[in-house]
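What follows is a short report on a single structure.
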Amino acid sequence: MDSTARPYRSVLYIPGSKERALDKARSLPADAIIFDLEDAVAPDAKQEARATLAAALGQGGYGNRTRIVRINALITEWGLADAEALRDAGADAILLPKVNAPSDVDALADIVGPEMPIWVMMETPLAIFNAREIAAHAQVAGMVAGTNDLAKDLNCRSRPDRLPLMQALQTIVLAARAVRIVAVDGVYNAFRDDEGLKAECDQGRDLGFDGKTLIHPAQIEVTNAAFAPAQEEIDLAERQIAAYEECQAKGEGVAVVDGQIVENLHVATARRTLAKARAIAEMEKG
Ligand code: COA
Ligand code: MG
């Protein structure tokens, strides 16, 4: 799953137990959905959620949104049954929580087979130390920052600038980028605070994340806008490409746009910006 091939701006968690939310998601403009069997579902509701979710996926109607199922960790009493019940339910990927090492991914791969893309929650200190090896696992296609769990394990404080989480967040982006897989930022808990959400989205985008995980539909619009190339970025990319091509035609290797140099690497970034804008337009056409 190359992160330029399709957008992962907004990745919405939906409790697998909530039929109403599962239905509502069919019309929400999220790029991807995480159908959750883990923390959004109470222990007593786990078994029923499995069946409710499998039925919803079977019914379909999720259009071109990427469908990701988050199962319970395999060390819990529910994980194995989740994986067995959902592996053929029509999901595009299975998301494994509490991953510590590549061997955790192997254990899931043994159950779901070699074809199913696996996404991993990066939410334990060990996962951050092992990020490079986890990302390099052949079946891993995406990484999701589990910032609430990380904050719990680190015993750090919640701050608007997320300084205590910065090393972990940047390690996730580095590991994902090293092997060109998707990296999605953690959730913003205050789901009625659009301004705070926007600031955290901008920070995640600045860091290099492809998008952000969300807990409520009200967060989608802000997030989609924050992770899409802005019109000024698109305009600049087009001008950079045009200026560079003009220079090349004259046998020169460096162009200047708005007082800044443009070399082949800047052109690669500009082309990626345009490809992303096209992928978003394609997605929004439905
Ligand atoms: N996905 C899809 N639909 C959702 C949704 C979600 N994550 N969260 C809320 N909705 C729907 C509700 O079903 C409701 O639909 P309706 O108007 O048709 O009844 C509508 O959006 C408005 O919901 P609202 O009343 O504002 O929220 P709530 O009080 O019902 O729920 C939460 C708030 C936080 C409990 C709920 O959003 C939620 O469970 N989010 C997911 C939490 C989660 O997945 N956590 C694990 C990962 S961190
Ligand atoms: Mg978690």
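Read the figures in this text as sums done on the coordinates, not as results from a lab. Treat the numbers as computed from the prediction; the structure is a model and nothing was measured. Ideal geometry is used to build each Cβ from the backbone, glycine not excepted, and the neighbour counts take in all protein chains shown.
Quick notes
- Charged-residue dipole, Cβ positions (Lys, Arg, Asp, Glu), the chain about Cα centre, Debye nearest 20: 180
- Cα centroid separation, the stretch 207-286 to the stretch 136-162 (Å): 27
- Across the stretch 231-285, Cα-Cα distances exceeding 15 Å account for 47% of all pairs.
- Expressed in units of 2.2 N^0.38 Å, where N is the residue count, the Cα radius of gyration of the stretch 50-99 is 1.13.
- The count of lysine pairs in the chain whose Cα atoms are under 24 Å apart, excluding pairs fewer than 8 places apart on the same chain, comes to 18.
- Net length available on complete extension from Ala268 to Leu174 is 32.0 nm, with 0.36 nm assigned per residue and the Cα-Cα distance removed.
- In order through the stretch 101-106: 3J(HN,Hα) via Karplus (6.51 cos²θ - 1.76 cosθ + 1.60), integer Hz, x for Gly, Pro: 7, x, 5, 5, 5, 4
- With at most 14 neighbouring Cβ atoms within 10 Å, loop GluC sites (Glu not before Pro) (DSSP) excluded, longest segment of the chain: 116-251
- Neighbourhood charge, 10 Å Cβ-Cβ cut-off, centred on Arg70 and excluding it, Lys, Arg +1 and Asp, Glu -1: -4
- Normalised contact order of the chain, rounded percent, pairs of Cα under 8 Å and 6 or more residues apart: 18
- For the stretch 1-111: rounded, prolate or oblate by the Cα gyration tensor [a/c cutoff 1.5]: oblate
- Dipole of the stretch 231-285 [Lys/Arg +1, Asp/Glu -1 at C-beta], most positive-end residue of Ala255, Ala268, Gln231: Ala268
- Share of alpha-carbon pairs per 10 Å distance bin for the stretch 182-246, given as whole %: 21, 43, 21, 11, 3
- Mean ellipticity per residue at 222 nm, deg cm²/dmol - from DSSP H runs of n ≥ 4 across the chain, formula -39500 (n - 2.57): -14000 deg cm²/dmol
- Ratio of Rg to Rh for the chain: 1.00 [Cα atoms; Kirkwood radius as inverse mean 1/r over pairs].
- Karplus-derived HN-Hα couplings along the stretch 178-183 (A = 6.51, B = -1.76, C = 1.60, θ = phi - 60°), whole Hz, x at Gly and Pro: 4, 10, 6, 10, 6, 10
- Distant-in-sequence amide contacts of Ser10, defined by a placed amide H-H separation under 5 Å and a gap of 5 or more residues or a different chain, comprise Asp31, Ala32, Lys212.
- Once the Cβ-Cβ distance of Ile261 and Asp110 is raised to the sixth power relative to R0 = 45 Å, the FRET efficiency obtained is 0.35.
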